[in-house]
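Here's the structure we're looking at; comments come further down.
The values are calculated or read from the model by the stated rules, or taken from the named source; none is laboratory data. Remember, predicted model here, so these are calculated numbers, not experimental data. Here the Cβ is made from the backbone with ideal geometry for all residues, glycine too, and neighbour counts use every protein chain on show.
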Amino acid sequence: MDVQTAEELEKAVKRARSVHDEVLLEPFIEGEDLRIIVINYEVVAAAVRRPPQVTGTGQHTIRKLIQKLSRRREAATGGESRIPLDVETKRTISQAGYGLDDVLAGGETIQVRRTANLHTGGTIHDVTPDLHPELRTAAEEARSCGRRRRRRPRPLRFLSSDWTF
């Protein structure tokens, strides 16, 4: 989640340990979360998951913009998705140079979470028609390797800044 300082790392590990004794640390990789679904060794869908973001009106605080977007996401998903006003949201906004009670200029957009999890306000966008043929082929070949191991199909996950090349 783009931890940048020793203090942030300490806090993040402490939060994670409140949920489970074991904590896995991984490098943060900038890019979009691309999911490719392969069925019967053929790509059937590709989607990008994006973190929630708000666009300023020049009148409303970031807190109000998040609450409004969160209500819309909650309604659209039957209560499955909402943007929490938690430590991670505050940290993401702070890294963008703002606080919850700041007013964004009209038309200015900021990301309010670092992750694209749907249950915390992220969105999913179909990119199947835009998927580069080399990624399509790589996904189909990678999935065919799973057949030899007789494992249940799973989505392939990529982090990429450009899946269209």
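Some observations on this one:
- Strands (runs of 3 or more DSSP E) contained in the range 13-91 and holding at least 3 residues over 17 Å from the mean Cα position of the chain (by Cα) and not hydroxyl-bearing (Ser, Thr, Tyr): 32-39, 42-50
- Only residues that are touching a residue at least 40 places away in the same chain (Cβ under 8 Å), in contact with a strand residue (DSSP E or B) (Cβ under 6 Å, 6 or more places away or on another chain) and closer than 29 Å to Leu100 by Cβ were counted across the range 42-65, and they come to 7.
- Here Glu26 fulfils each of the conditions (1) closer than 18 Å to Leu118 by Cα; (2) modelled with pLDDT under 90 apart from (1).
- Restricting attention to the range 101-119, the residues that are in a loop (DSSP other than H, G, I, E, B), surrounded by fewer than 17 Cβ atoms within 10 Å (Cβ to Cβ) and modelled with pLDDT of 95 or more add up to 6.
- Some residue of the range 125-135 being at negative phi, exposed (fewer than 15 other Cβ atoms within 10 Å of the Cβ) and at pLDDT below 70: no
- Identity of the residue in the range 74-97, crowded, with 19+ Cβ neighbours inside 10 Å and in contact with a strand residue (DSSP E or B) (Cβ under 8 Å, 6 or more places away or on another chain), that ends up nearest to Glu30 (Cα to Cα): Thr92
- Single unsatisfied condition, Ser70 versus (1) touching a strand residue (DSSP E or B) at 6+ places or on another chain (Cβ under 7 Å); (2) crowded, with 17+ Cβ neighbours inside 10 Å; (3) touching a residue at least 40 places away in the same chain (Cβ under 8 Å): (1)
- Looking across the range 136-165, the residues that are modelled with pLDDT under 70, surrounded by fewer than 16 Cβ atoms within 10 Å (Cβ to Cβ) and in a loop (DSSP other than H, G, I, E, B) come down to Arg150, Arg151, Arg152, Pro153, Arg154, Pro155, Ser161, Thr164, Phe165.
- Filtered residues of the range 21-41 (kept if surrounded by 13 or more Cβ atoms within 10 Å (Cβ to Cβ) and either farther than 22 Å from Arg136 by Cα or free of Cβ contacts under 8 Å to residues at least 60 places away in the same chain (or both)): none
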